[in-house]
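Asks: Okay, here's the structure, questions in a sec.
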Amino acid sequence: NRDGEPWGDYNTFIRDIYARKMQGEMKQPYTRSRYYHLYLNGLYWGLFMTEERPEASYAESYFGDDKEDYDVVKVTTQAWPYYNIVTDGYMDTWEEIWNMCRTGFATNANYFRLEGKDASGYHIDHSTVYVDIDNLIEYMILVFYTGSYDAPVSAWGGETMPNNYFGIYNRKNKGTGFVFVAHDMEQCL
């Protein structure tokens, strides 16, 4: 129970790690965790859990290149309603994707552009891949399978605001696209 809110029923420390480990089992990038019994000055503070932060240093460690090559988008919880911010790099590519989404994907050309392909679905040499579609599909399968209602869109905000995800994009390697990493999925299952 945090500030009188009934979060304790949901935060079992099992669901969140389970969801993230499932993303790893699907051979997708995921964050690793550990459980700890925390003692400070001999006083037991309880069970805690750590999680890797999927930001630029994480991307450098797992994907290569330098951390300066990465854009990382996540949600800020500093204001209500929540909104997307960049923790590393720039928002330019993310905003391009947003504009593509607003235009819609009624045509093959619009959809395949996300993958750096022509209207027939063939790869265009040296084109920009905006989204790793396989990663996005498997991320969304995880969201649906676990019944997460707080990521990547939050039911707490009337399903009108983003929440609890990280998107990572390598500006140097334009052939990879944004990958999405599950985060804070304790309110699932």
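Asks: Looking for whichever is under 25 Å from residue 31 (Cβ atoms) and in contact (Cβ under 8 Å) with a residue 40 or more places away in the chain here; the options are 177, 116. Which one fits?
Replies: It is 177.
Yes/no matrix, rows are residues, columns are (1) without any contact (Cβ under 8 Å) to a residue 60 or more places away in the chain; (2) open to solvent by less than 50 Å² (accessible area, probe 1.4 Å); (3) assigned to a loop (DSSP other than H, G, I, E, B); (4) over 15 Å from residue 168 (Cα atoms):
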residue: 72; (1), (2), (3), (4): no, yes, no, no
residue: 78; (1), (2), (3), (4): yes, no, yes, yes
residue: 81; (1), (2), (3), (4): no, no, yes, yes
residue: 96; (1), (2), (3), (4): yes, no, no, no
residue: 99; (1), (2), (3), (4): yes, no, no, yes
residue: 111; (1), (2), (3), (4): yes, no, no, yes
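Asks: Here is a follow-up. If you take the residues of segment 71-106 that are hydroxyl-bearing (Ser, Thr, Tyr) and under 18 Å from the mean Cα position of the chain (by Cα), which of them is modelled with the lowest pLDDT?
Replies: Per the stated criteria, the residue is 77.
Asks: Can you tell me which residues in segment 61-70 are surrounded by fewer than 17 Cβ atoms within 10 Å (Cβ to Cβ) and under 18 Å from the mean Cα position of the chain (by Cα)?
Replies: Of everything in segment 61-70, those that are surrounded by fewer than 17 Cβ atoms within 10 Å (Cβ to Cβ) and under 18 Å from the mean Cα position of the chain (by Cα) turn out to be 61, 62, 63, 67.
Asks: Something else: Taking the options 35, 30, 44, name whichever one is without any contact (Cβ under 8 Å) to a residue 12 or more places away in the chain and either within 18 Å of residue 136 (Cα to Cα) or part of a strand (DSSP E or B) (or both).
Replies: Exactly one residue qualifies, and that residue is 44.
Asks: OK, next. Please state which one of 175, 147 is open to solvent by 10 Å² or more (accessible area, probe 1.4 Å), small (Gly, Ala, Ser), at pLDDT below 95 and over 28 Å from residue 69 (Cβ atoms).
Replies: None of the other options fit; the residue is 147.
Asks: Can you find, within segment 126-144, the residue that is surrounded by the fewest Cβ atoms within 10 Å (Cβ to Cβ) among those that are in a loop (DSSP other than H, G, I, E, B) and out of contact with any helix residue (DSSP H, G or I) (no Cβ under 9 Å at 6 or more places or on another chain)?
Replies: Among residues in segment 126-144 that are in a loop (DSSP other than H, G, I, E, B) and out of contact with any helix residue (DSSP H, G or I) (no Cβ under 9 Å at 6 or more places or on another chain), the one surrounded by the fewest Cβ atoms within 10 Å (Cβ to Cβ) is 126.
Asks: Of the residues that sit in segment 1-20 and are touching a Phe, Trp or Tyr at 6+ places or on another chain (Cβ under 8 Å) and loosely packed, with under 15 Cβ neighbours inside 10 Å, which one is modelled with the lowest pLDDT?
Replies: 1
The values are calculated or read from the model by the stated rules, or taken from the named source; none is laboratory data. Predicted, not measured: the structure shown is a model, and the values here were computed from it. FYI the Cβ positions are ideal-geometry reconstructions off the backbone, even for glycines, and counts take in every protein chain you see. All accessible areas refer to the heavy atoms of the entire protein, side chains included, with ligands and DNA or RNA removed. Shrake-Rupley method; radii C 1.70, N 1.55, O 1.52, S 1.80 Å.
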